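J.: Have a look at this one before I ask anything.
The values are calculated or read from the model by the stated rules, or taken from the named source; none is laboratory data. Computed from a predicted model, the values in this text were never measured in an experiment. Note: ideal-geometry Cβ built from the backbone for every residue, glycine included; neighbour counts use all protein chains shown. With ligands, DNA and RNA removed, areas are computed over all heavy atoms of the protein, side chains included. Shrake-Rupley method; radii C 1.70, N 1.55, O 1.52, S 1.80 Å.
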Amino acid sequence: HHSVLEVTFASPLTFNRSLAMEWLPAGQRIEHYRVEAWDGKGWKVVAEGHAIGHKKIDVFPTVTSNRVRLNILCSAGEARIREFQLFRVP
């Protein structure tokens, strides 16, 4: 299974962390994902992982973008995202 959760902001946001959580009553399903930011010409991979589960925090170099997506490349069933956050830590 493949799916995408895309967010567009009214103005660019600067961030260097993402937090994702799966809805676990149905079981852990996500097997491979990427966090991607739009650079004005295309999608740039800022983080990549193989499981989200209860909570996954990815750390990456600071990015500024007004479009971000959680790209679920492979899952064992329908991906159920409980929460997706972006934030900046000094």
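J.: Being farther than 15 Å from L86 by Cα and hydrophobic (A, V, I, L, M, F, W, C) is the filter here; which residues of region 25-51 pass it? Break it down into steps so the answer makes sense when it comes.
T.: Restricting attention to region 25-51, the residues satisfying the condition of being farther than 15 Å from L86 by Cα are 25-33, 39-44, 49-51.
Scanning region 25-51 gives A26, I30, W43, A51.
J.: With the requirement that a residue be under 17 Å from G27 (Cβ atoms) and acidic (D, E), what does region 37-82 give you? Steps first, please.
T.: Of all residues in region 37-82, those under 17 Å from G27 (Cβ atoms) come to 50-56, 72, 74-82.
The answer is E78, and nothing else.
J.: Which residues, taken from region 31-88, are under 11 Å from A20 (Cα atoms) and acidic (D, E)?
T.: Those that are under 11 Å from A20 (Cα atoms) and acidic (D, E): D58, E83.
J.: Against the condition open to solvent by 50 Å² or more (accessible area, probe 1.4 Å), part of a loop (DSSP other than H, G, I, E, B) and touching a strand residue (DSSP E or B) at 6+ places or on another chain (Cβ under 6 Å), how does V89 come out, does it pass?
T.: Working: open to solvent by 50 Å² or more (accessible area, probe 1.4 Å): yes; part of a loop (DSSP other than H, G, I, E, B): yes; touching a strand residue (DSSP E or B) at 6+ places or on another chain (Cβ under 6 Å): yes.
Against the criterion (open to solvent by 50 Å² or more (accessible area, probe 1.4 Å), part of a loop (DSSP other than H, G, I, E, B) and touching a strand residue (DSSP E or B) at 6+ places or on another chain (Cβ under 6 Å)), V89 qualifies.
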